[in-house]
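Everything below concerns the one structure shown next.
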Amino acid sequence: MPLVSMNEFLPAAREGKYAVGQFNMNNLEFAQAITQAGIELKSPFIFGVSEGALKYMGIEFTVALAEAAAKQSGLPIALHLDHGSSFEVAMKCIRAGFSSVMFDGSHHSFEDNIRLTKEIVKTAHAMGVSVEGELGTIGGTEDDISLDAEKASLAKPEEAIRFYEETGVDALAIAVGTAHGVYVGEPKIHFDIIEQVAAAIPAAIVLHGGSGVPDEMLRAAIKAGAAKINVNTENQVAGTAAIREVLNKDSKVYDPRKYLTPARNAMVEVVKSKMTQFGSVGKA
Ligand code: 13P
């Protein structure tokens, strides 16, 4: 099966009150672990690739890994640019074979965010590629970008509605209190914002910073209308812990497969547990 746009499965997720996971791909082992979990649980999923991960893997390897995953699994898989920063990077990804892009214009003024997102939607849609926009700013750390939780600003429902109407995005990330990276304490999620926006627009509502969010909060976010949830840090933490354990136990290990295999297995378990929590099992 070729890579598909998020529109192949997000409308059904919205309708069926479950969420499809975006799992960030950072290297071969992430790609394999996420695919393995998807195959075992017959779940659709999204490979999220940040600009930092793109730089690390190279665009050709990134697309080749995702295409191999789609071919091997037969699952509906979207390859999605995570937090794209410009029209140029979005177009570069689409040209290379991405089936979906996010444009994160949240650091621009509201009007500029609309204008820039709209340009990308027009071009991407002409090529059958789905687009995610962002409103409000999400705190925490992703790649080299950090934002203090206190400086993060929540999305305003009336702005989210106008943003959707003017841009026509397929998915909308709204800042509702989650953050990228590891939480200190519990997140305070504004479920009412998710509910209000989801009830007013047909685009899939996206929850970023899905790592470390307690199960009941994930369930409540889905119930309120979140149809796409992003997870990266939990895979990084689990994979690295497995590597550390092997290396701490035996300082003579030098074959990467000896520590990357347990890392990959640990990530399979994380992704399977998220797919189960999100309710996407058996939906492929
Ligand atoms: P976490 O790393 O906190 O899971 O967030 C992932 C994310 O939102 C990617 O955009």
inquiry  = Condition check: over 14 Å from N230 (Cα atoms) and either at pLDDT below 95 or hydroxyl-bearing (S, T, Y) (or both). Does S5 satisfy that?
reply    = yes
note = Listed by first then second residue, the pairs whose first member lies in segment 7-26 and is on the phi < 0 side of the Ramachandran plot, whose partner is part of a strand (DSSP E or B) and charged (D, E, K, R), with beta carbons under 7 Å and at least 6 positions apart or on separate chains, are L10/K228; A19/K228; V20/K228; Q22/K228; N24/D82
key: Test set (1) under 26 Å from Y56 (Cβ atoms); (2) crowded, with 23+ Cβ neighbours inside 10 Å; (3) away from the ligand (no atom under 12 Å from the Cβ) - L172 fails condition number   = (1)
Residue under evaluation A64, criteria (1) free of Cβ contacts under 8 Å to residues at least 24 places away in the same chain; (2) touching a strand residue (DSSP E or B) at 6+ places or on another chain (Cβ under 7 Å); (3) small (G, A, S), criterion not met = (2)
key: Every residue from segment 87-109 that is surrounded by fewer than 20 Cβ atoms within 10 Å (Cβ to Cβ) and in contact with a Leu (Cβ under 8 Å, 6 or more places away or on another chain)   = F87, V89, G97, H108
key: Those residues of segment 100-133 which are farther than 18 Å from Q22 by Cβ, charged (D, E, K, R) and touching a residue at least 12 places away in the same chain (Cβ under 8 Å), in sequence order   = K118, E119
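Restricting attention to segment 252-268, does a residue exist that is away from the ligand (no atom under 16 Å from the Cβ), over 24 Å from V182 (Cβ atoms) and buried (at least 21 other Cβ atoms within 10 Å of the Cβ)?
Checking segment 252-268: not a single residue is away from the ligand (no atom under 16 Å from the Cβ), over 24 Å from V182 (Cβ atoms) and buried (at least 21 other Cβ atoms within 10 Å of the Cβ).
The values are calculated or read from the model by the stated rules, or taken from the named source; none is laboratory data. All values derive from a computational prediction rather than experimental measurement. Positions of Cβ are backbone-derived with ideal geometry, glycine not excepted, and every protein chain shown enters the neighbour counts.
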